[in-house]
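What follows is one structure encoded as structure tokens, with my remarks underneath.
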Amino acid sequence: MTVYVRYGGTGAKHGNEQKLRLSAQPCAAHSGARGGDGNPSGHLRPMTTARQISIAGLGLLGSALAHRLIGAGFDPKGFDIDAAKTAAFAKAGGTATSLDEVARCDVVLLAVFDTNQVEDVVTNAILPAVTPGVPKIVLCASTVDPDRIAVLIERAKPLGVSVIETPVSGSSGQVRNGDGVGLIGGDKDTIDGVADIIDALYPKWFYMGSAGNGGRAKLAINHLLGLNRLVLAEGLVFAQALGLDPKSFLDVARQSAAYSQVMDIKGAKMVSGDYSPQGFIHQSLKDFRLMLDQAQKRGQALPLAALNAEVLSACISRGEGERDNAAVIEEIRRRRKP
């Protein structure tokens, strides 16, 4: 598979001539001006200046994406079923509106919870809002079933809606700060048409290939990430059981061969017990169930993923579903014999 990487971050405030190209180097990360693939001039196609952008879903991810868009000079409309989240979006500089109004916009960004909600919003809100002859693009940032999103993309296209996958690797805090990594899947011409928006959302993003591959990459990365969290939690509990101070041990581990970025993002939360959410326990369980389902369809066992799902389920049974996923350490601590 050829993977394309783009370094952007120019957003609405900058001219197209500053955009960076997806370079056709397999698994290589570098930048330049875009060319090839039907665009021999080496420049991005001009962006439509009159587009109205909207966001459906203003939770942890949606609010972080809204922050990116507003900071880049866009004026997004937004809706969430939770009125408090919609109000917070308006206070941050967005325009609060209804789901119907969100669906009427030229570019709709979805940051809802799961596959069912994505299908529901596209089928029952966005498709009925299509004006014949007027293109509409949907960016799906939700972590969803990649097979079902591929089917949805094919179903929506002849009805006037082009859907592309735009999931992101990173906590909501990382996304807000511009440190999320976009995993983009779908039609490249459609992606070209919203490249300035994607650049604003994700200063670094990869084109993963055809519809479904963005979600597949997201699940595989979340698999690695979730297991890193679990290992860190168990390692900290083990160090403490050995009589080591967890905070001091974490400082040493960060300098060791065992280092992972998870130590920076989740380590302090685990040590301090601060579980204010950047990613919920219940969301992590939803993702791991998706992974296990995808693996089962392909005849592949994922024993460590199954273990992590079991730990996450135990946390939820204790009422910890709304905590940050760093709270898996609490379940490890509970597994102590008298």
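What to note about this one:
- Amide H contacts under 5 Å for Ile55: Lys77, Gly78, Phe79, Leu109, restricted to partners 5 or more places along the chain or on a different chain, H placed in the peptide plane at 1.01 Å from N.
- Taking the chain and dividing mean pair separation by its residue count, relative contact order in percent (alpha carbons under 8 Å, at least six apart): 15
- Distance from region 85-164 to region 316-334 (C-alpha centre basis), Å: 32
- Summing charges over neighbours of Asp145, with a neighbour being any other residue whose Cβ is under 9 Å away from its Cβ, gives -2 when K and R count +1 and D and E count -1.
- Cα-only radius of gyration and Dmax that characterise region 217-334, units Å: 14.2, 44
- Top positive-direction residue, dipole computed over region 219-338 with Cβ charges, set Leu302, Met270, Ile281: Leu302
- Bins of 10 Å from zero: percent of alpha-carbon pairs in the chain: 5, 25, 32, 24, 11, 3, 0, 0
- Taking Val130, Val181 and counting other C-beta atoms within 10 Å, the order from fewest to most: Val130, Val181
- Sorting 326-333, 289-296 by their mean Cβ neighbour count within 10 Å, with the most densely packed peptide first, gives 326-333, 289-296.
- Reachable lysines, given that their alpha-carbon falls under 25 Å from the alpha-carbon of Lys337 and they are not under 8 places away in the same chain: Lys247, Lys269
- For the chain, a crude dipole built from +1 on the beta carbon of Lys and Arg and -1 on the beta carbon of Asp and Glu, taken about the Cα centre, is about 480 debye to the nearest 20.
- Built amide H within the under 5 Å cut-off of Lys136, gap 5+: Ser162
- Residues with amide H under 5 Å from that of Gly279, placed H, sequence gap 5 or more: Asn325
- From most to least packed by mean Cβ count within 10 Å, the peptides 114-127, 245-258 give 114-127, 245-258.
- For the chain, adding -39500 (n - 2.57) for each run of n ≥ 4 DSSP H residues and dividing by the number of residues yields -13500 deg cm²/dmol at 222 nm.
Bear in mind these aren't lab numbers, they're just calculated from the coordinates by the rules spelled out. If you're wondering where the values come from, they're calculated on a predicted model, not measured in any experiment. Positions of Cβ are backbone-derived with ideal geometry, glycine not excepted, and every protein chain shown enters the neighbour counts.
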